[in-house]
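Written out below as structure tokens is the structure these notes cover.
The values are calculated or read from the model by the stated rules, or taken from the named source; none is laboratory data. No experiment lies behind these values; they were computed from the predicted model shown. Virtual Cβ from ideal backbone geometry, glycine too; neighbours counted across all protein chains shown.
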Amino acid sequence: MESCGTDDDKWDFKRVDEKIQSEIEQSTVLVLPLAVVVEIGNHIAQAKNNYDVAQKFAEIMTKAADETSPWAAFSKQVKLWEKDELKKLADQFPQWASQKTSMGDASIVFLGQYYKQEGFCVEFLTADKGLKAQEPPPPPQLTRRSNRKRN
């Protein structure tokens, strides 16, 4: 696909690339969810003349596996697929499914919750409004108090 999203929120390569470059300049850590690896891999495999795109995506996967900046360690996600965490995901999934949230999106939300609990501000880079709506809220802004006494 050349673009995705609604007419009022269209995403194309240029917009995505500018967003990622802006985040890299701000020292943002990027996370490549396992569900995204699977879904993008499926789309690339079905595309025509896909070798170059597949090669570029493989490079991103390798950088995530090696925790090459700006990518977070892919291995951190492994713990979310271990027995106890998988049971937590399973417990939450019926509610998500009743709201038409796929397992892939549910696992992304679950991963976002994990990083939020680790103290990160989490943003889902997606044109999917349903998934975007499940993004963990940003931490509350700290307010500064003046030490001056009021008269």
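Filter region 1-38 down to residues that are among the hydroxyl-bearing types (Ser, Thr, Tyr) and surrounded by 14 or more Cβ atoms within 10 Å (Cβ to Cβ), then give me how many there are. Step through it out loud before you land on a result.
Step one: list which residues in region 1-38 are among the hydroxyl-bearing types (Ser, Thr, Tyr), which gives 3, 6, 22, 27-28.
Among the residues that remain, those that are also surrounded by 14 or more Cβ atoms within 10 Å (Cβ to Cβ) are: 28.
The number of residues fulfilling the criteria is 1.
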(request) Give the residue, chosen from 54, 64, 58, that is hydrophobic (A, V, I, L, M, F, W, C), out of contact with any His (no Cβ under 6 Å at 6 or more places or on another chain), part of a helix (DSSP H, G or I) and at pLDDT below 95. (result) 64
(message) One residue is enough: does region 24-32 have a residue meeting the conditions closer than 25 Å to residue 107 by Cα and in a helix (DSSP H, G or I)?
(response) yes
(request) Look at region 82-109 and say how many of its residues are under 26 Å from residue 30 (Cβ atoms), among the hydrophobic types (A, V, I, L, M, F, W, C) and either loosely packed, with under 12 Cβ neighbours inside 10 Å or within 10 Å of the chain's Cα centre (by Cα) (or both). (result) 2
(message) Let me spell it out: the conditions are (1) loosely packed, with under 13 Cβ neighbours inside 10 Å; (2) farther than 23 Å from residue 132 by Cα, and residue 63 meets all of them except one. Which number is the exception?
(response) (1)
(message) Can you find a residue that is more than 23 Å from residue 1 (Cα to Cα) and under 15 Å from the mean Cα position of the chain (by Cα) anywhere in region 43-63?
(response) no
(message) Restricting to region 108-142, name every residue that is touching a Pro at 6+ places or on another chain (Cβ under 7 Å), in contact (Cβ under 8 Å) with a residue 24 or more places away in the chain and of a type outside the set (A, V, I, L, M).
(response) 112
(message) I'd like the full set of residues that are closer than 28 Å to residue 22 by Cβ and of a type in the set (A, V, I, L, M), limited to region 64-105.
(response) 64, 65, 72, 73, 80
